[in-house]
1. Just give me the residues in segment 220-242 being closer than 21 Å to Asp204 by Cα and either among the hydroxyl-bearing types (Ser, Thr, Tyr) or within 16 Å of ligand 1 (Cβ to nearest atom) (or both), in sequence order.
2. What number of residues within segment 151-184 are aliphatic (A, V, I, L, M), within 20 Å of Arg32 (Cβ to Cβ) and not in a helix (DSSP H, G or I)?
3. Restricting to segment 262-301, name every residue that is open to solvent by 60 Å² or more (accessible area, probe 1.4 Å), of a type in the set (Val, Ile, Thr) and under 20 Å from Leu313 (Cβ atoms).
4. Out of Phe167, Phe143, Phe188, Phe128, I need the residue that is surrounded by fewer than 16 Cβ atoms within 10 Å (Cβ to Cβ) and not assigned by TED's automatic domain parsing to the domain that holds Ser363. Which one?
5. Identify, please: which residue in segment 224-242 is crowded, with 17+ Cβ neighbours inside 10 Å and either free of Cβ contacts under 8 Å to residues at least 60 places away in the same chain or among the hydroxyl-bearing types (Ser, Thr, Tyr) (or both) and is, among those, farthest from ligand 2 (Cβ to nearest atom)?
6. Could you check segment 11-101 for helices (runs of 4 or more DSSP H) lying wholly inside it with 3 or more residues that are farther than 30 Å from Gly146 by Cβ and away from ligand 1 (no atom under 16 Å from the Cβ)?
7. Could you check, for segment 249-257, whether at least one of its residues is modelled with pLDDT under 90, away from ligand 1 (no atom under 16 Å from the Cβ), surrounded by fewer than 15 Cβ atoms within 10 Å (Cβ to Cβ) and among the β-branched types (Val, Ile, Thr)?
Amino acid sequence: MVCPSCSQILSPPQLQQGQMAQCPRCARQLHRYKNHPLQKGLALSLTGLVFFLPANLLPLLTFSVLGIHSQSSIMQACLHMFASSQVVVGSVVALTTMVFPLLLLVSLLLVTFGLMQGSKKPQLTPLFRLYHHLSEWAMLDVFLVGVLITIIKMSHMASVSLNGGFFCLVGLVLTSIAAQTAIDPQRFWSLMEPKTSSGISLPDSSNPEDYLLCSDCHKLLPIAYLQTSGRTGCPRCGHTLHPRKQNSIARTWALLITAVILTLPANLLPIMEVDTFGIPERSTIMDGIIYFFKDGSYGIGLVIFIASIVVPLFKIIGLAIILLSIHFRWRSWLRHKAIMFRFIEFIGRWSMLDIFVITLLCSLAQFGFLSSISAAPASLYFTGVVLSTMLAALSFDPRLLWDAANAAETK
Ligand SMILES: [Zn+2]
Ligand SMILES: [Zn+2]
């Protein structure tokens with residue numbers, strides 16, 4: 001096998017229960033032993049779907065101030081954003097909390113059910129590819145943390161009660177996480193392998209350049225496959241094959257520069273407007289954090305500070321260091337940079353936390369003339385920062401780090 005992150009050639013591990021294989025060069029987790037991945041995947045995705053509708057449609061929380069009650073579900077929170085002309089932010093929240101989590105569970109259910117029936121239908125591969133791509137964009141776990149922060153934020157001003165939707169959301173998040181950790185993607189792909197592709201023989205070579213790896217299903221092919229077969233797609237999953245992600249460095253730079261430009265209005269403009277007795281007061285991201293610290297809620301202040309300021313900055317600086325080290329062919333700290341890149345990939349989605357909190361507050365803190373909260377322009381720019389940094393990490397091919405180091409070595 002070949003490591004998808006650094007192209008190191010390795011012998012395939014024979015794992016037993018509780019064991020995990022890791023690449024010795026870049027420390028990427030290659031495979032983990034899973035017990036009954038099909039049965040668990042099917043049962044957990046089905047359970048998740050049972051929770052899905054009530055979690056999205058039932059009210060999550062009720063806030064009460066002086067006898068005025070205000071409650072909202074995830075669906076209502078998204079519709080409220082659309083109604084207050086925050087169409088882009090509303091769409092991103094609706095996609096990441098409703099559409100993608102639903103598609104994720106449905107695709108996993110259909111794939112596990114199909115594989116348990118012994119089916120090798122060609123429709124299963126695009127479904128599993130969809131699952132693979134959505135796992136990063138379904139953000140209900142981040143949203144749940146946003147709900148908890150909203151509860152703590154509002155508990156000083158209003159009495160907060162939990163509704164049925166909240167408990168269903170907890171159930172949905174736990175079963176979705178359990179389903180994602182229970183399945184074994186490599187085994188699923190090998191079960192879906194058509195006869196035509198299982199027989200393709202590999203060269204007996206220790207040079208990584210003689211191999212071609214599908215970036216979606218990690219099928220290993222000889223580099224000559226593209227010429228000899230006359231095809232451009234992976235024989236197992238249909239994904240277009242390239243030795244490395246196309247125009248990876250230029251695209252990552254472009255998205256990174258977009259993120260840097262958007263960071264300025266995202267932090268300087270107000271992100272939220274609070275109306276109290278008709279008097280509007282606008283606050284930036286930093287104002288919100290200072291508010292928590294002055295209030296004595298250091299824990300929440302720190303969580304928002306890390307998610308909204310530290311994480312986006314870390315992503316931008318980290319990716320810039322990685323891109324520069326490829327440009328200048330720096331050979332030191334390669335393993336650390338590879339680990340840092342995977343950390344950037346992992347934390348990318350957690351920056352959406354502040355946007356989720358604002359979405360919830362906008363629909364929940366509606367007490368008529370007494371007080372109301374609405375989203376201000378920076379919420380759009382901040383969503384842009386999160387999306388562009390996530391897309392930058394997705395466009396980057398970590399193997400280029402090792403390619404640049406190898407090129408510097410052979411020179
Ligand atoms: Zn590796
Ligand atoms: Zn493939």
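1. Leu220, Tyr225, Thr228, Ser229
2. Step one: filter segment 151-184 for residues aliphatic (A, V, I, L, M), giving 151-152, 154, 157-158, 160, 162, 169-170, 172-174, 177-179, 182-183.
Next cut, within 20 Å of Arg32 (Cβ to Cβ) only: 174, 177-179, 182-183.
Subsequent filtering for residues that are not in a helix (DSSP H, G or I) retains 183.
So the answer is 1.
3. Ile290
4. On the way: Phe143 fails: surrounded by fewer than 16 Cβ atoms within 10 Å (Cβ to Cβ); Phe188 fails: surrounded by fewer than 16 Cβ atoms within 10 Å (Cβ to Cβ); Phe128 fails: surrounded by fewer than 16 Cβ atoms within 10 Å (Cβ to Cβ).
Residue meeting the stated conditions: Phe167.
5. Out of the qualifying residues, it is Tyr225.
6. 37-57
7. We begin by selecting, within segment 249-257, every residue modelled with pLDDT under 90; these are none.
No; the residues of segment 249-257 include none that is modelled with pLDDT under 90, away from ligand 1 (no atom under 16 Å from the Cβ), surrounded by fewer than 15 Cβ atoms within 10 Å (Cβ to Cβ) and among the β-branched types (Val, Ile, Thr).
Conditions (1) more than 22 Å from Leu269 (Cβ to Cβ); (2) among the β-branched types (Val, Ile, Thr); (3) not assigned by TED's automatic domain parsing to the domain that holds Ser7, marked per residue:
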residue	(1), (2), (3)
His336	yes, no, yes
Phe343	yes, no, yes
Phe356	no, no, yes
Gln366	yes, no, yes
Ser379	no, no, yes
Thr389	no, yes, yes
Phe396	yes, no, yes
Asp403	yes, no, yes
Ala407	yes, no, yes
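The values are calculated or read from the model by the stated rules, or taken from the named source; none is laboratory data. What you see is a predicted model, and the numbers here were worked out from it, not measured in a lab. Because the Cβ atoms are built from the backbone with ideal geometry, glycine has one as well, and the counts that use them run over all protein chains shown. For accessibility, only protein heavy atoms count, side chains too; no ligands or nucleic acids. Shrake-Rupley method; radii C 1.70, N 1.55, O 1.52, S 1.80 Å.
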